[in-house]
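These notes concern the structure reproduced below.
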Amino acid sequence: MSYPALLILFYKKFTGFEQPSYTLMKSFTGRMFFLLIALTPFLSACDIIEYSPNQIILKEYEKDLNRKNVSKLQSKPADDTLRIVLMGDTQRFYDEAESFVKSVNRLEGVDFVIHAGDVSDFGLSQEFEWIAKIMSGLKMPYVTVVGNHDLLANGPKVYRKMFGPLNFSFIYAGVKFIFYDANSIEYGFDGATPDLDWIEKELATGNFNWAIPVAHMPPFSIDTDLSKEEALADILGSVGKVKLSLHGHEHAFSVVDKYENGVTYVVSTTVNKKGYALITFIDGEFTVEEINY
């Protein structure tokens, strides 16, 4: 049993809280760490606690959330103005995630929220569940892309059950959103991620006016496969329908036409820094506003 899993379990057992306050967790984990070291031989030698970090027990309403939220979005009449919130890297920042939800709910006219990945920190099912519960408080749908932390431990299985495929797309208001896995570091830079053939095919099929790719890591991140950087930038820049590409991971804001080919890369910060990007998109023209809360 991993220490993160044990800390979560002991937190729930001894505090009575189902969902943690990060402030409480920080003080709680410090005190519990040395206790867990002492208890580990006993816990590993018997079946006192029936808990596994690899357990995946999701309720029906916690499954297939991306498909369900896209369906909610597409059921809403679209106009010529898209307003999107880009945020990400919730990891273990539960208090800050709750503050994020309150901040976004005060905004007017937001169509949907994009969570740019790292829903979890250690890839544990309970972490995904806690963040999903917090995000369910949004007044508008949200859609996630997989982050590198979501691929740790049993994270890939949890992510697929809770949110769906790692690569997927949908069309809303004439814009095709292409969510893809760019977390090359978690695959040992094996050359298969990101899947450029799949991205190119998605850009070539469907009835849409514009396309917005979404990935946890921008093509220029040192944690994605930089041997594919130039090819990916060329694919996105050559289509003529891509004006924006949306990302997280860097834990800092940036808005840059990195390759000077007409594609602007927008990177949002982590909720731990209490910020997100508000993007307004109208027929290929856009504005990006940095919001702090």
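The values are calculated or read from the model by the stated rules, or taken from the named source; none is laboratory data. Quick caveat, the model's predicted, so the values are computed rather than measured. All Cβ positions, even for glycine, are placed from backbone atoms using ideal geometry, and neighbour counts span all protein chains on display.
At a glance:
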item: Subset tally (residues that are of a type in the set (G, A, S) and more than 10 Å from the chain's Cα centre (by Cα)) for the stretch 105-135; result: 4
item: Selection count, the stretch 102-119, where residues are β-branched (V, I, T) and within 22 Å of P165 (Cα to Cα); result: 3
item: Residue identified as of a type outside the set (A, V, I, L, M, F, W, C), at pLDDT 75 or above and surrounded by fewer than 12 Cβ atoms within 10 Å (Cβ to Cβ) among K68, K72, K59; result: K59
item: Counted residues, the stretch 177-192 - those being assigned to a helix (DSSP H, G or I) and either among the charged types (D, E, K, R) or within 24 Å of E285 (Cβ to Cβ) (or both); result: 1
item: Hits in the stretch 272-293 - residues which are in contact with a helix residue (DSSP H, G or I) (Cβ under 7 Å, 6 or more places away or on another chain) and either under 23 Å from P219 (Cβ atoms) or among the polar types (S, T, N, Q) (or both); result: N272, Y276
item: Hits in the stretch 114-125 - residues which are closer than 23 Å to V266 by Cβ and assigned to a helix (DSSP H, G or I); result: none
item: Residue among G137, G155, G147 that is surrounded by fewer than 18 Cβ atoms within 10 Å (Cβ to Cβ) and modelled with pLDDT of 95 or more; result: G137
item: Hits in the stretch 148-176 - residues which are over 18 Å from D64 (Cβ atoms), part of a helix (DSSP H, G or I) and either without any contact (Cβ under 8 Å) to a residue 40 or more places away in the chain or charged (D, E, K, R) (or both); result: L151
item: Enumeration of residues in the stretch 126-143 that are more than 13 Å from V158 (Cβ to Cβ) and part of a helix (DSSP H, G or I); result: K133, I134, M135
item: Residue in the stretch 209-227 that is over 19 Å from the mean Cα position of the chain (by Cα), assigned by TED's automatic domain parsing to the domain that holds G88 and over 26 Å from L151 (Cβ atoms) present; result: yes
item: Residue ID - farthest from T270 (Cα to Cα), chosen from residues in the stretch 126-183 that are acidic (D, E) and touching a Ser or Thr at 6+ places or on another chain (Cβ under 8 Å); result: D181
item: First in the stretch 179-199 and over 19 Å from G248 (Cα atoms), second anywhere and buried (at least 16 other Cβ atoms within 10 Å of the Cβ) and modelled with pLDDT under 95, Cβ under 8 Å, 6 or more apart; result: none
